[in-house]
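Worksheet for the structure shown next.
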Amino acid sequence: MAVFLIFLFTDIFITVIFMAVYGHRRTYSEGMLLGVHIPSYAVHEREVEALMEKHRRRTKWFYAVNLLLSAAVCFLNFWYLSIFILAWSAWLIELTAGAMGLLNAAHRQLYDLKMERGWQGASGSKIVVVDTNVSAENDRLPFSIWWNLPVFAAAGVLAFIPHVRETLAKAPEMWGLTGAAIVSALFFTGMHLWAVRRRNEVYSSNTKINLKVNRLVKRVWSGIWMISNYLNLVAIGTVIYSGIRLRAFTPANILWYIVVQCTMGILILAALLYLRWKKKDIIKQDQQPLYVDDDIYWKNGWYNNPNDPRVWVPDRYCTSNYTTNMGRTGGKVFTFGTISFVLITFIVILMVFLKMDFTPRYLVVNGEDISVSSPMAPISFKRDEIKGIELLDSMPDGDFTRTNGLGDERQLVGKFREKKQGEFRLYIYRGYSPILKIELPQYTVLINSQEKSETERWYLELVNEF
């Protein structure tokens, strides 16, 4: 149930983010409609109004359907986990491709209409000139990168506390979480550095307005990455402290970590919305707004300008966001490299879970050698290592914590630890009995089959010789 609730919340959150960034009602702003520069009078043309109405209607249906799908796909978690992951990934790809496809299609239709009508962009369109005053003020705009030093200092102190090292050494389930926290800290620091050093943009011919907008953008983004770094430290630090105090890591610890990470996501979304609103509010103060009609480079919905040395440029649909310049080799490498990495990772994870769901586990007795065949944590031992054998009607009572394995609505497989009874190796199909219990010096094995007779046969094979 915990996995179901986590994914349900995450899916709805993802859909709402897409809706806020790419599905909101598009209005004529900064000389543009749907990312296309057109004169203000063209907004009221019959063809433009019809195109916008069609786009709004399709967008409403798309996000309404995806809100339902985002919840419906989570129920597959109670069936096969591999099928759930496949369906969930397919939904996420559909959401991403559909959201961008809807927007890009409407954008291209409006661009083609602009070319057909000969509209020359917004009134006042002109070539951008370098604003040297804004460039000179660059160092005063963002929060300093040195604000991240306390995070790494605190992490270093944590790493040298003996109890922390001992607790983590005995809890393999925390290694991945700790590694993720370290990677996140480096990522947030890197993004903070990028926010500090990013190139200034020209929004207006008015130097003061330019300076004000650039200061806003850099301070908001550098502040967001800095705060995210501290929240990341709070998340992992609290989990480690709880683990030391309780001498075990519980699902509640992991849930707390996820909640803090989701808080970061909400914070970033709030910053995007605030930045978009505040930028428009500042630019409205300009009596002679500066519009640059570079739509030819955006005609397909993405930026493609081989003459622009920048690899990262402000996104046309969400100016608080950044996108790659597909006209540069670096932009293509990053975009297609990221897509390839995500697809390969997805395929590997899917294959692992397919193997977990559809590969049977069984016990093999071959003379003095006994083994448990399993896609995760297979084991083998000698007959004389067995300290006890028992056939149970159900799972023994206890607080089992997964250290390296899988636990879902159908099965428990891999390495587990129970607070009082110690280490376990579980190969359990939920809802099936009996369960064979084998006590070994290092750990206790619990295994069953979906066929009652097979589990009983394993028990007899061991007992007759034991």
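The values are calculated or read from the model by the stated rules, or taken from the named source; none is laboratory data. Quantities reported herein were computed from a predicted structural model and do not represent experimental measurements. Reconstructed Cβ throughout: ideal geometry from the backbone, glycine too, with neighbour counts over all protein chains shown.
Annotations
- Boolean, residue 438 is buried (at least 19 other Cβ atoms within 10 Å of the Cβ) and more than 27 Å from the chain's Cα centre (by Cα): yes
- Scope the stretch 409-466; condition more than 15 Å from residue 394 (Cα to Cα), in a loop (DSSP other than H, G, I, E, B) and not hydrophobic (A, V, I, L, M, F, W, C); matching residues: 409, 419, 420, 421, 441, 442, 443
- Any hit, the stretch 70-89, residues being under 27 Å from residue 267 (Cα atoms) and either among the basic types (Lys, Arg) or touching a Gly at 6+ places or on another chain (Cβ under 8 Å) (or both): no
- Selection of the stretch 377-410 for residues being polar (S, T, N, Q), modelled with pLDDT of 90 or more and over 15 Å from residue 445 (Cβ atoms) yields only 394.
- Scanning the stretch 307-328 for residues that are assigned to a loop (DSSP other than H, G, I, E, B), in contact (Cβ under 8 Å) with a residue 24 or more places away in the chain and closer than 23 Å to residue 282 by Cα yields 316, 317, 318, 319, 320, 321.
- Residue selection: residue 419 satisfies the criterion of being modelled with pLDDT under 85, charged (D, E, K, R) and surrounded by fewer than 19 Cβ atoms within 10 Å (Cβ to Cβ).
- Answer residue from the stretch 441-457, given it is among the polar types (S, T, N, Q) and closer than 15 Å to residue 370 by Cα and is nearest to the chain's Cα centre (by Cα) among those: 444
- Subset tally (residues that are assigned to a helix (DSSP H, G or I) and either surrounded by 13 or more Cβ atoms within 10 Å (Cβ to Cβ) or of a type in the set (Lys, Arg) (or both)) for the stretch 343-393: 11
- In the stretch 74-83 there is no residue matching the filter, namely being in a helix (DSSP H, G or I), touching a Leu at 6+ places or on another chain (Cβ under 7 Å) and aromatic (Phe, Trp, Tyr).
- Verdict on residue 92 being touching a residue at least 60 places away in the same chain (Cβ under 8 Å) and over 30 Å from residue 286 (Cα atoms): yes
- Entry remark, the stretch 302-355: residues being closer than 26 Å to residue 90 by Cβ and in contact with a Gly (Cβ under 8 Å, 6 or more places away or on another chain) number 2 in total.
- Among the residues of the stretch 10-25, some residue qualifies, meaning at least one is of a type outside the set (Val, Ile, Thr), without any contact (Cβ under 8 Å) to a residue 60 or more places away in the chain and assigned to a loop (DSSP other than H, G, I, E, B).
- Residues considered: 97, 171, 87. Of these, the only one that is within 25 Å of the chain's Cα centre (by Cα) and either modelled with pLDDT under 90 or of a type in the set (S, T, N, Q) (or both) is 171.
- Which numbered condition residue 203 misses (of (1) aromatic (Phe, Trp, Tyr); (2) at pLDDT below 80; (3) more than 21 Å from residue 29 (Cα to Cα)): (3)
- Test for residue 56: is it in a helix (DSSP H, G or I) and more than 30 Å from residue 358 (Cα to Cα): yes
- Residue that is farthest from residue 281 (Cα to Cα) [pool: residues in the stretch 191-212 that are among the hydroxyl-bearing types (Ser, Thr, Tyr) and in a loop (DSSP other than H, G, I, E, B)]: 205
- Looking only at the stretch 233-289, and only at residues there that are under 30 Å from residue 30 (Cβ atoms) and either in contact with a His (Cβ under 7 Å, 6 or more places away or on another chain) or of a type in the set (Lys, Arg) (or both), the one that is modelled with the highest pLDDT: 278
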